[in-house]
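Asker: Below is the structure I would like to discuss, written out as structure tokens.
The values are calculated or read from the model by the stated rules, or taken from the named source; none is laboratory data. This one's a predicted model, so the numbers in the text were calculated from it and none came from an experiment. Methodologically, a virtual Cβ is constructed for each residue, glycine included, from the backbone with ideal geometry; neighbour enumeration extends over all protein chains shown.
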């Protein structure tokens with residue numbers, strides 16, 4: 001019954017309800033009309049009989065020896081009262097008025113009038129004696145001496161009463177049919193309006209679409225927010241809540257409640273939506289794309305998709321560090337290849353003493369460096385980074401020195417390799433870039449883990465940082481280089497260091513720069529960080 005299209009379902013429900021209501025109403029109407037009509041007819045028949053029994057023509061006709069003709073008189077009151085028949089008898093049972101003129105003058109038994117002629121009672125009942133089933137009212141007739149001299153019987157045929165009830169029910173049924181047709185047309189119209197509002201989709205299609213949409217939105221890693229034309233949120237997926245750090249979905253709230261700097265409402269009104277742009281929200285860089293929703297030329301809202309560019313930047317930086325580490329290894333290999341070619345040349349020229357001296361010098365440097373790195377720097381990741389940077393510094397003709405007072409044990413597990421690569425790699429790269437143009441560029445690395453903090457310092461003898469720029473070096477996008485694409489390294493370093501619960505400081509006196517990083521050995525929870 002409830003399968004098929006939406007129009008069929010609505011039509012079936014409406015037809016069923018209207019049919020049920022019509023049947024109940026018709027049945028109730030017939031029952032009430034029947035009861036009311038029969039009660040009213042009983043009262044009418046008795047009152048008419050009483051009225052006629054008190055009228056002089058009836059009393060005189062009964063008391064006179066030669067009865068007068070009551071037919072005209074009775075016919076008049078029969079037509080006025082709507083009665084089917086009126087019967088008048090005297091005390092002997094002689095009929096003085098009857099619907100059949102041939103029976104006037106006959107003497108009959110008192111069947112319907114027995115109670116009235118014997119006990120003088122007034123009553124009404126259903127009888128079939130005179131002309132078939134009829135509701136009759138019977139009244140005794142008294143003369144002036146208060147003697148019972150006859151009876152009056154007024155009857156209404158039940159067949160005619162039923163015909164009247166059925167006629168009224170028929171008219172009500174015809175009126176109900178009009179309502180029935182109007183209801184059917186209205187249900188068809190309503191179904192079409194609903195289909196138009198639902199873009200022609202059936203309920204089962206909408207349910208399937210909703211389930212699919214919910215599953216798709218939950219599986220998408222990008223944040224999605226839908227808003228209406230007034231800028232209030234109508235939809236938000238789980239990824240959007242996670243990216244924005246929200247506790248609930250903020251449905252029906254303004255978009256500014258979750259993205260304060262977002263001015264989409266005004267843009268919607270002017271239809272000037274930028275397809276893609278960046279926003280800073282809660283220390284995160286979001287790449288935002290908006291797709292307007294319009295009904296013709298009228299704006300209905302927009303769908304906002306965004307992703308966390310911070311993660312992308314971190315990934316790019318880590319890939320960059322891996323690339324730089326690979327380049328460092330390549331540079332180191334290239335540097336050793338050059339030295340091997342030089343040694344080979346010296347041997348071919350017979351300069352054995354000079355070749356041996358060069359080999360011994362290289363051995364001494366490598367032994368010192370390896371001893372310093374492998375004996376005093378126990379963390380393998382830091383060792384790998386330093387070895388790679390040494391090769392890079394050698395290729396750049398920059399002196400890279402690991403402070404002999406350095407001492408570093410294996411780092412705690414909460415300090416990830418990627419974080420370590422970004423911190424140390426960016427600081428050393430910036431220092432190498434700062435001294436790359438000098439004849440005697442020098443970069444010093446120092447690490448110490450005595451106490452509660454891990455201390456890492458990178459010092460260079462470059463031109464330094466102007467005092468008015470010291471407070472801006474950690475701002476994203478700030479750079480002293482002329483080339484584009486810089487200004488993110490130190491900002492990422494600061495973010496990672498603070499994420500580990502530590503701090504980073506910079507000092508510069510015009511003849512060099514020192515970056516100092518302090519990272520606690522114990523991982524801190526969010527409640528332990530300073531505001």
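Asker: Taking residue 401 as meeting all but one of (1) surrounded by 19 or more Cβ atoms within 10 Å (Cβ to Cβ); (2) farther than 21 Å from residue 502 by Cβ, write down the number of the exception.
Answerer: It fails just one condition, (1).
Asker: Which of the helices (runs of 4 or more DSSP H) found entirely inside segment 27-131 contain at least 1 residues meeting this: touching a residue at least 40 places away in the same chain (Cβ under 8 Å) and under 60 Å from the mean Cα position of the chain (by Cα)?
Answerer: The helices (runs of 4 or more DSSP H) meeting that bar number zero.
Asker: Report yes if some residue within segment 146-165 is modelled with pLDDT of 80 or more and part of a loop (DSSP other than H, G, I, E, B); otherwise report no.
Answerer: yes
Asker: Within segment 12-54, can you find the residues that are surrounded by fewer than 14 Cβ atoms within 10 Å (Cβ to Cβ) and within 17 Å of residue 151 (Cβ to Cβ)?
Answerer: Selection gives 54 alone.
Asker: Sticking with this one: Would you point out the residue of segment 434-452, among those that are in contact with a strand residue (DSSP E or B) (Cβ under 9 Å, 6 or more places away or on another chain) and surrounded by fewer than 17 Cβ atoms within 10 Å (Cβ to Cβ), that is nearest to residue 384 (Cα to Cα)?
Answerer: So, considering only residues that are in contact with a strand residue (DSSP E or B) (Cβ under 9 Å, 6 or more places away or on another chain) and surrounded by fewer than 17 Cβ atoms within 10 Å (Cβ to Cβ), the one nearest to residue 384 (Cα to Cα) is 448.
Asker: For segment 145-157, how many residues are without any contact (Cβ under 8 Å) to a residue 60 or more places away in the chain and touching a helix residue (DSSP H, G or I) at 6+ places or on another chain (Cβ under 8 Å)?
Answerer: So the answer is 1.
Asker: If you don't mind, another one. Residue 201: in a loop (DSSP other than H, G, I, E, B) and either surrounded by 13 or more Cβ atoms within 10 Å (Cβ to Cβ) or touching a residue at least 60 places away in the same chain (Cβ under 8 Å) (or both), yes or no?
Answerer: Against the criterion (in a loop (DSSP other than H, G, I, E, B) and either surrounded by 13 or more Cβ atoms within 10 Å (Cβ to Cβ) or touching a residue at least 60 places away in the same chain (Cβ under 8 Å) (or both)), residue 201 qualifies.
Asker: Could you give every pair whose Cβ atoms fall below 8 Å, whose first residue belongs to segment 246-261 and is in the same structural domain as residue 234 (by TED's automatic domain parsing), and whose second residue is assigned to a loop (DSSP other than H, G, I, E, B) and modelled with pLDDT under 80, counting only separations of at least 6 or pairs across chains?
Answerer: Going by the 8 Å Cβ cut-off, the qualifying pairs are 255/262; 256/262.
Asker: List every residue pair whose Cβ atoms lie under 6 Å apart, where the two residues are 6 or more positions apart in sequence or sit on different chains, the first residue falls within segment 278-301 and is closer than 21 Å to residue 499 by Cα, and the second residue, located anywhere, is modelled with pLDDT under 80 and surrounded by 14 or more Cβ atoms within 10 Å (Cβ to Cβ).
Answerer: Listed by first residue and then by second, the contacts come to 284/308; 284/310; 285/309; 285/310; 286/279.
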